[in-house]
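Written out below as structure tokens is the structure these notes cover.
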Amino acid sequence: MEFDYVIVGAGSAGCVLANRLSVDPTNRVLLLEAGPEDRNFWIHVPLGFGKNVNNPSVNWCYQSEPEPNVRGQRFLLPRGRVLGGSSSINGMVYVRGQPEDFDHWAQLGNGGWSCEDLLPYFKKSENNTRGADHFHGIGGPLSVSDLTERAGICEYMIRAGEEIGIPRNDDLNGQIQEGIGYHQATIRNGRRCSTAKAFLEPVRSRQNLSVETEALATRILFNGKRATGVLYVQGGVTRQVRTTREVIVSGGAFNSPQLLELSGVGQGKRLQALGIPVVHSLSGVGEDLQDHQIVRMRWRITKNITWNEEVHGWRALRSALKFLFAGKGVLTMPTLPVGAFICTRQELATPDIQFQIFPGTYSSLEARVLDKQPGVTVGVVLLRPESRGTVHLKTPEPTSPPAILHNLLQTERDRETIVRGMKLCRRLMDANAMDPIRGVELYPGCNATSDKDLLEAALDVTQSNWHPTSTCRMGTDPMAVVDPTLKVHGLERLRIADASVMPTAVSGNTNATCIMIGEKASDIVLQQARGRE
Ligand SMILES: Cc1cc2nc3c(=O)[nH]c(=O)nc-3n(C[C@H](O)[C@H](O)[C@H](O)COP(=O)(O)OP(=O)(O)OC[C@H]3O[C@@H](n4cnc5c(N)ncnc54)[C@H](O)[C@@H]3O)c2cc1C
């Protein structure tokens, strides 16, 4: 088998690449995906999100290593293993981050990655139901829509925000991120719009595009320093595919460094210790893991205006019928209808904390079962954590999960910021606007009064917000893995395009940025190919 481009991973970035690179019918493109087709029913039901958070049939269901700063706890780290990748199991909230994030990337030496450079790529993918403006696009494959329903509690929360000085913001992806408002979501007609739906499904019939599912890439093949193909296992059979132009790795922030190490690209000593022949020594592979960190605070609510009530008893039946026959109702909602971006310190130019407002409470977070009584959860999220982690092979076996260590709440600054965020969250809930509906604080609870108590509570429950980035980061310094054209330093015909290349984590949920990276990568690849002709 021979293709011009072999893309490993049909996730947020990989599906975009498969679409854009196969526009030209003379390009032969192969997309390899370890997981199955996206036939799982709950993928397509927006609020069915909880059903796949720990479902191994569509999810890698990784576990962190024991986290040293948060009581040695281990966490579930979901990652999509299905067409659409994590965009098929994520919360569908459409957030781009701050313009300053991308300008910072450019300032770090990554020419072509400033906000001005990247805005056209965000707009290119987008079909925003609000129409086009300076920040938003129409006509792109990815549906970005407003919510069709608003849980009654949402307006209370927004008014509470305004009362404590958080401005109402009707476009959290516009000129200014700061503020509180409704999210937009990657949802089309009440169904999830993953990148498989948006970018892949419409072009599956292209003769020059092959998609292989349940195909696990186990090694990139090299001739000297030049990538020549990929070895993969499908149905128990090992297959080899050759490429005439490039291999593009889009396996995500955990799997891309894993595949590089399996292929002999990474820290020489580490690879030798595992008995993997070193193709190319590159110190940064699997280093610099960044992730948003979340503490979930919970309150009981005294009126039936949250989602808890909607999924129990007769209301559950009503919700199901509304979803099936009208494409409406609570089941068509993203997990987080409302968000806020806030500065915890006066001197900050841009927000460093996000509130993720979920109009419900889980009786068990692991099982994702909603309480029967009304409640609200506010996820207090560190947007620019200083903590850094790693992803490395434990064994040379391609099917064994890598060791993932976040080092959550590693630095004093991160700890201080999360406590500041929790205090702000309490101010939000204490606002007069919440008086008619506020019940007891379930977590951390009224016994946690001092900063020290809040920190202890944070250390008990802090988790990854499932936005890992930067494990093969872009840059020009010795720890960088790819250059600003996404080529792996020191190797030929090998690029990486996914969350792993972000030089620093963006200040917001990461799906939109991964899709943008897919768009930008496609453009770079096609431009360079044209240059060679
Ligand atoms: C539960 C959850 C909720 C989230 N909620 C949101 C949200 O609401 N909003 C938001 O913006 N972001 C959210 N995110 C984050 C966002 O979805 C991810 O950052 C983004 O999808 C990552 O894109 P990617 O292209 O880097 O990787 P992925 O989308 O994860 O794609 C990688 C793909 O590569 C495949 N793959 C990996 N290794 C191999 C191999 N060796 N061979 C073949 N295939 C391979 C995987 O199976 C997967 O399909 C969430 C993530 C999760 C997990």
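With Cα atoms as the point set, the radius of gyration and Dmax of the range 105-242 evaluate to 21.5, 63 Å.
Applied to the range 502-516, the Karplus parametrisation 6.51 cos²θ - 1.76 cosθ + 1.60 on θ = phi - 60° returns per-residue 3J(HN,Hα) values of 4, x, 9, 4, 6, 8, x, 4, 9, 4, 4, 5, 5, 5, 4 Hz, with x for Gly and Pro. For the range 381-444, the equivalent ellipsoid derived from the alpha-carbon gyration tensor has semi-axes of 38, 16, 8 Å in decreasing order. Computed with a 1.4 Å probe over protein heavy atoms only, the accessible surface of the chain comes to 37 Å² per residue. When each pair of different Cα atoms in the range 237-303 is counted once in the 1/r mean, what is the Kirkwood radius in angstroms, to one decimal? Averaging 1/r across every pair of different Cα atoms and inverting gives 15.2 Å. The angle between the Cα long axis of helix 412-430 and the main principal axis of the chain comes to about 40°, on a 0 to 90 degree scale.
Percentage of Cα-Cα pair distances in the range 116-194 greater than 14 Å, rounded to whole percent? List each step's numbers first, then the result.
On the way: 2033 of 3081 pairs.
Value for the range 116-194 (Cα pairs over 14 Å): 66 percent.
With all protein chains present, how much of the accessible area of the chain (probe radius 1.4 Å) comes from carbon and sulfur, to the nearest whole percent?
Values: 9800 of 19590 Å².
The computed percentage sits at 50.
Under 19 Å of direct C-alpha separation, and excluding same-chain neighbours fewer than eight residues apart, residue 225 reaches these lysines: 269, 487. In terms of overall dimensions, the C-alpha atoms belonging to the chain reach 68, 50, 44 Å along their principal axes, ordered largest to smallest.
Starting from the Cα of residue 476, step 7 Å toward the Cβ, then list every residue of the range 489-503 with an amide N under 17 Å from that point. Label zone hits: 489-490, 503. With a 1.4 Å probe and every protein chain left in place, tell me how much accessible area residue 249 has, in Å² to the nearest 10. Approximately 0 Å² of residue 249 is accessible to the 1.4 Å probe.
Using a cut-off of 31 Å between Cα atoms, the listed pairs 124/328; 51/394; 322/372; 51/452 include 51/452 as exceeding that distance. Restricted to Cα atoms, the range 192-347 shows a radius of gyration and a Dmax of 23.7, 67 angstrom. Note on the range 420-472: Cα Rg divided by 2.2 N^0.38 Å, N the number of residues, gives 1.45. DSSP beta bridges fully contained in the chain are about 70 percent antiparallel.
Measure out, as a whole number of angstrom, how far apart the alpha-carbon centroids of the range 373-424 and the range 207-243 sit. Cα centroid to Cα centroid, the span is 33 Å. With both partners inside the range 1-159, how many of the DSSP beta bridges are antiparallel, as a percent to the nearest 5? Around 35 percent of the beta bridges assigned by DSSP in the range 1-159 are antiparallel ones. For the chain, the longest principal axis of the alpha carbon atoms and the long axis of helix 153-163 meet at an angle near 80°. Would you kindly give the portion of the calculated P(r) for the range 439-500 that falls above 16 Å, as a percent of all Cα pairs? Summing the P(r) tail past 16 Å for the range 439-500 gives 62 percent.
May I ask you to list the residues of the range 277-300 whose amide nitrogen lies under 13 Å from a point 7 Å from Cα along the Cα→beta-carbon direction of residue 440? Output list for this probe position: 299-300.
The values are calculated or read from the model by the stated rules, or taken from the named source; none is laboratory data. These numbers come from a predicted model, not from an experiment. All Cβ positions, even for glycine, are placed from backbone atoms using ideal geometry, and neighbour counts span all protein chains on display. Keep in mind that these areas ignore ligands, DNA and RNA; they rest on the heavy atoms of the full protein, side chains included. Shrake-Rupley method; radii C 1.70, N 1.55, O 1.52, S 1.80 Å.
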